[in-house]
Amino acid sequence: MRPIQMVDLKSEYQRLKKDIDAAVIDVFETAAFINGNPVQQFADALKIYLDVKHVIPCANGTDALQIAMMALDLQPGDEIITPSFTYIATTEVVALLRLKPVFVEVDRQTFNIDADSLRKAITQKTKAIVPVHLYGLSCDMQTIMQIANEHNLFVIEDNAQSIGGDFYFKDGTVKKTGTIGNIGTTSFYPAKNLGAYGDGGAIFTNDDSLAQKLTMIANHGQSKRYYHDVVGCNSRLDTVQAAILNIRLKYLDKNIEARRKAAAFYDNAFKNHPVIKTPFQADYSMHVFHQYTLVLDSDERSVLRNALSNYLTAKKIPSMIYYPVPGHRQKMFDSFDSLQYDLPVTDWLTERVISLPMHPELNEEQLSYITTNVLEFISNHLS
Ligand SMILES: *Cc1c(COP(=O)(O)O)cnc(C)c1O
């Protein structure tokens, strides 16, 4: 059996090696290191794939969030609502911009922002909501957009984990995640569903004036060279990374299909288990399985979860805890009185989630070895 990896970037490179090597060498030979043709080509291709009006490439997914928030003309102290159960980048940039992160609860099944908790968190100072499509499952964007419209709030979708996902509106409209709010952001970190071979990110919007602002902010606040109208930053997608992404984008749908197949294998193996809860699949979206995350529904909390993780490690099966500490319990947010938050579902999940290997290269032999070992450990542990 091939060694099992959490993500397997080497196998796909071996298959695409000819195309990727040629694209990268072309960048070197033309010496178009900064803003070379592949950058615009990739932005155009992604625009078509996502069916969105503007794609602004940038240096990484954290920058994408920061630039998105900088484009909204917010004042220090303005409140941004985000889930606590997310990667730190989402909430960190809020504090970095001297805005106030307001942490809300997630739903126990979907792991995504909970609508009631969101409604309760809205105040006079709330300016934006940042829903995170965690692990590859879209938030309920129909409800979130309705709440945002009622309260005149911006919506920035953190789509770093869900690129390629579809959201189905009740009227039959289908939209790609990240293109529903005012702005969407994503990351091309290598392990993401659409990864580069280094850092990268992008911002999407259908709003022409926001697109102009976002483009300026990512480029030192200028639209004409050396004339700087607003304070911006330097955030570019590297040409080499764009050349690689141009190739990998062509395989995104095929890779999502392979991820969904692996997820179906896991689902089937764990179905109706009293302790192992498999990922929720909503009727309003298509899950793209950036992660395959189980919840071990047991009073033993992290003791059981960590014991499983150790057992799997001994069997040479990698696993990960995304994320062991939620935002509101991170030291960096002490000054926001973050420990005052009462987020029992977030805490409950933090102690019980475990992500299994998930990537397009997993084969049935590996999947069966993983599921057999998980089931064996849990049943031995419970008996
Ligand atoms: C990966 C990720 C980011 C940040 O992306 P980087 O490219 O690493 O800066 C932001 N939000 C979420 C939810 C992520 O998973």
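The values are calculated or read from the model by the stated rules, or taken from the named source; none is laboratory data. Note that this is a predicted model, so its numbers are computed, not measured. We place every Cβ from the backbone using ideal geometry, glycine too, and count neighbours over all the protein chains shown.
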All positions within region 123-139 that are of a type outside the set (Val, Ile, Thr) and surrounded by fewer than 22 Cβ atoms within 10 Å (Cβ to Cβ): Gln124, Lys125, Lys127
Filter result (without any contact (Cβ under 8 Å) to a residue 60 or more places away in the chain and in a loop (DSSP other than H, G, I, E, B)) within region 239-264: Lys250
All positions within region 19-33 that are aliphatic (A, V, I, L, M) and either buried (at least 16 other Cβ atoms within 10 Å of the Cβ) or on the phi < 0 side of the Ramachandran plot (or both): Ile20, Ala22, Ala23, Val24, Ile25, Val27, Ala32
Boolean, Ile370 is buried (at least 22 other Cβ atoms within 10 Å of the Cβ) and part of a helix (DSSP H, G or I): yes
Helices (runs of 4 or more DSSP H) lying entirely in region 1-86 (those with 3 or more residues that are more than 26 Å from Gly165 (Cβ to Cβ)): 9-30
Per-region count, region 35-62, residues under 20 Å from the mean Cα position of the chain (by Cα) and either within 16 Å of the ligand (Cβ to nearest atom) or basic (Lys, Arg) (or both): 11
Residues satisfying the stated conditions in region 334-360, i.e. part of a helix (DSSP H, G or I), at pLDDT below 95 and in contact with a helix residue (DSSP H, G or I) (Cβ under 9 Å, 6 or more places away or on another chain): Ser335, Phe336, Ser338, Leu339, Gln340
